[in-house]
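Visitor: Have a look at the structure that comes next, please.
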Amino acid sequence: MNIPIQSSLERQRVDFFVDAKKLTYNDIRVAENNIDYWTFVDVSAHQGQEFKFVFSKNVSGINKIFQADTIVGEANLYKENYRPQVHYTTRRGWTNDPNGMVYYDDEYHLFYQHNPYETGWGNMTWNHAVSNDLLHWEELTLALLPDKFGTMFSGSAVIDYHNTAGFNKGDSPAMLVMYTADLRKNGEELGQQQCIAYSLDKGRTFIKYEGNPVIPMLNRFDSKHARDPKVFWYEPGSHWVMIMHEGISMTIYNSKDFKEWELTCTLDDGYWECPELFELAINGDKANKKWVVYGVRGTYQIGTFDGNELKNNTQWRQTSC
């Protein structure tokens, strides 16, 4: 479904329905007088179903929306003068924050924050690309769409080899994702909560957990910021560990089943967003390892981790290039 965009217009709310059931929503600058560029919605998954838009404003560009087997301008995609030819780029729209990078069944998966309708931030969804060699990438369709809990902020993906969440089918393990849903009303941020979804077809489609959110909107530390969950399997304790940015701190949670999460540790402020927690061998000595906690500001500390609590053994350090 090809949609004309006029950058100078205010965004209008557009609700998407499939067979009278609301699929998602977005804020789109549907063209009125001028068409600056075209964007698109992939509706191939809904063949044989009724697909409907509901617009909050009536503009002339609505009548120019059309369905086709190709994207407007498809012949020139990846031939543009300023298009990077080595680094991965999406076909249309804004990208930021790589999410859920995971390797499974001979495929590298890259999920990322995406605004399908503009070259600026907004309408946060998860888009998805796969590669066999980390150099050549195939962009798939959108993986996670905004819903009643909000738009899709950053998170992470894992493979549930032990079927801890109970979503596996036969011998095929589920791909689990944990992401932040950012809820706003009339432009006002209400808060953020953590949700999960799973895929049984190698990330091609996702089913959102009916018990979402798994960590509700707490607004701890007098803050509406609680986002960017990074999840990994802690083998010594046979449980999941999750670290995320929360308020002025970072917090660590544990879970046995990916659905029920317990807070086990709160770290001092200073990291901010997109946390990482990982173990490294010192000077290559696998018998002597330390844990590193890292944030988007480039600050990090080194310490010990027992699966529940991180104890820092160093002062703040700053990465350098």
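Visitor: So which residues in segment 165-191 are out of contact with any Leu (no Cβ under 7 Å at 6 or more places or on another chain), modelled with pLDDT under 95 and either crowded, with 19+ Cβ neighbours inside 10 Å or part of a strand (DSSP E or B) (or both)?
Guide: LYS185, GLU188, GLU189 - these are the residues of segment 165-191 that are out of contact with any Leu (no Cβ under 7 Å at 6 or more places or on another chain), modelled with pLDDT under 95 and either crowded, with 19+ Cβ neighbours inside 10 Å or part of a strand (DSSP E or B) (or both).
Visitor: Here's another thing I want to ask about it. Please verify whether PHE149 is in contact (Cβ under 8 Å) with a residue 60 or more places away in the chain and within 13 Å of the chain's Cα centre (by Cα), treating the condition exactly as stated.
Guide: no
Visitor: Out of segment 135-164, which residues are farther than 26 Å from LYS21 by Cα and either among the aromatic types (Phe, Trp, Tyr) or at pLDDT below 95 (or both)?
Guide: Within segment 135-164, LEU135, HIS136, TRP137, TYR161 meet the criteria.
Residues checked against (1) more than 18 Å from GLN193 (Cα to Cα); (2) in contact (Cβ under 8 Å) with a residue 60 or more places away in the chain; (3) not assigned by TED's automatic domain parsing to the domain that holds SER154:
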site	(1), (2), (3)
PRO236	yes, yes, no
VAL241	no, yes, no
ILE248	no, no, no
TYR253	no, no, no
PHE278	yes, no, no
PHE305	yes, no, no
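Visitor: Of the residues that sit in segment 267-309 and are at negative phi, modelled with pLDDT under 90 and not in a strand (DSSP E or B), which one is surrounded by the most Cβ atoms within 10 Å (Cβ to Cβ)?
Guide: Filtering segment 267-309 for residues that are at negative phi, modelled with pLDDT under 90 and not in a strand (DSSP E or B), the one surrounded by the most Cβ atoms within 10 Å (Cβ to Cβ) comes out as TYR271.
Visitor: Additional query: With (1) assigned by TED's automatic domain parsing to the domain that holds GLY187; (2) modelled with pLDDT under 95 as the list, and TYR104 as the residue in question, which single condition is left unmet?
Guide: (2)
Visitor: Which condition from (1) at pLDDT below 95; (2) within 25 Å of LEU135 (Cα to Cα); (3) buried (at least 16 other Cβ atoms within 10 Å of the Cβ) is the one that ASP42 breaks?
Guide: Every condition holds for ASP42 apart from (3).
Visitor: Evaluate segment 244-259: report whether one residue or more is surrounded by fewer than 16 Cβ atoms within 10 Å (Cβ to Cβ), in contact with a His (Cβ under 8 Å, 6 or more places away or on another chain) and at negative phi.
Guide: yes
Visitor: Return the residues of segment 114-142 that are under 23 Å from LEU9 (Cβ atoms) and under 10 Å from the mean Cα position of the chain (by Cα); say none if nothing qualifies.
Guide: Correct list: HIS114, MET124, THR125.
Visitor: Restricting the search to segment 89-110, which residues are in contact with a Pro (Cβ under 7 Å, 6 or more places away or on another chain) and under 10 Å from VAL130 (Cα atoms)?
Guide: Here is the first cut: in segment 89-110, the ones in contact with a Pro (Cβ under 7 Å, 6 or more places away or on another chain) are 92-93, 110.
Listed by number, the list holds a single entry, LEU110.
Visitor: Looking at GLY48, GLY93, GLY122 in this structure, which one is of a type in the set (Gly, Ala, Ser) and crowded, with 17+ Cβ neighbours inside 10 Å?
Guide: Being of a type in the set (Gly, Ala, Ser) and crowded, with 17+ Cβ neighbours inside 10 Å holds for just one of GLY48, GLY93, GLY122, which is GLY93.
Visitor: Can you name the residue in segment 1-36 that is basic (Lys, Arg) and over 22 Å from the mean Cα position of the chain (by Cα) and, of all such residues, is surrounded by the most Cβ atoms within 10 Å (Cβ to Cβ)? Spell out how you get there, then give the answer.
Guide: As a first pass, look at segment 1-36 and keep what is basic (Lys, Arg): 11, 13, 21-22, 29.
From the residues that got through so far, the ones that are over 22 Å from the mean Cα position of the chain (by Cα) too are 11, 21, 29.
Values: ARG11: 16, LYS21: 9, ARG29: 23.
That would be ARG29.
Visitor: Select from segment 242-266 the residues that are of a type in the set (Asp, Glu), part of a strand (DSSP E or B) and over 16 Å from THR180 (Cα atoms) and list them in ascending order.
Guide: Of everything in segment 242-266, just one residue is of a type in the set (Asp, Glu), part of a strand (DSSP E or B) and over 16 Å from THR180 (Cα atoms), namely GLU262.
Visitor: Also, I was wondering about something else. Considering only segment 46-53, I want to know if a residue exists there that is farther than 21 Å from HIS128 by Cα and of a type in the set (A, V, I, L, M, F, W, C).
Guide: Of all residues in segment 46-53, those farther than 21 Å from HIS128 by Cα come to 48-53.
Still in the running and of a type in the set (A, V, I, L, M, F, W, C): 51, 53.
So far as segment 46-53 goes, yes, one or more of its residues are farther than 21 Å from HIS128 by Cα and of a type in the set (A, V, I, L, M, F, W, C).
Visitor: Which fully enclosed strands (runs of 3 or more DSSP E) of segment 81-140 have 1 or more residues being touching a Cys at 6+ places or on another chain (Cβ under 8 Å)? Explain how you work it out, then say what you get.
Guide: Working: elements: 94-104, 107-115, 125-131, 137-139.
The qualifying strands (runs of 3 or more DSSP E) are 94-104.
Visitor: Can you name every residue in segment 207-234 that is closer than 22 Å to ASN308 by Cα and buried (at least 19 other Cβ atoms within 10 Å of the Cβ)?
Guide: Residues satisfying the conditions are VAL214, ILE215, ALA226, ARG227, ASP228, PRO229, LYS230, VAL231.
Visitor: What single numbered condition from (1) farther than 30 Å from GLU188 by Cβ; (2) of a type outside the set (Ser, Thr, Tyr); (3) part of a strand (DSSP E or B) fails to hold for ASP228?
Guide: Here ASP228 clears every test but (1).
Visitor: Is there a residue in segment 27-45 that is out of contact with any Phe, Trp or Tyr (no Cβ under 6 Å at 6 or more places or on another chain) and assigned to a helix (DSSP H, G or I)? Before the answer, list the steps.
Guide: From segment 27-45, those out of contact with any Phe, Trp or Tyr (no Cβ under 6 Å at 6 or more places or on another chain) are 27, 29-38, 40-42, 44-45; that's our starting set.
Applying the additional criterion that residues be assigned to a helix (DSSP H, G or I) yields 44-45.
Yes: one or more hits.
The values are calculated or read from the model by the stated rules, or taken from the named source; none is laboratory data. These numbers were taken from a predicted model, which means no experiment stands behind them. Note that we place each Cβ from the backbone using ideal geometry, even for glycine, and neighbour counts take in every protein chain shown.
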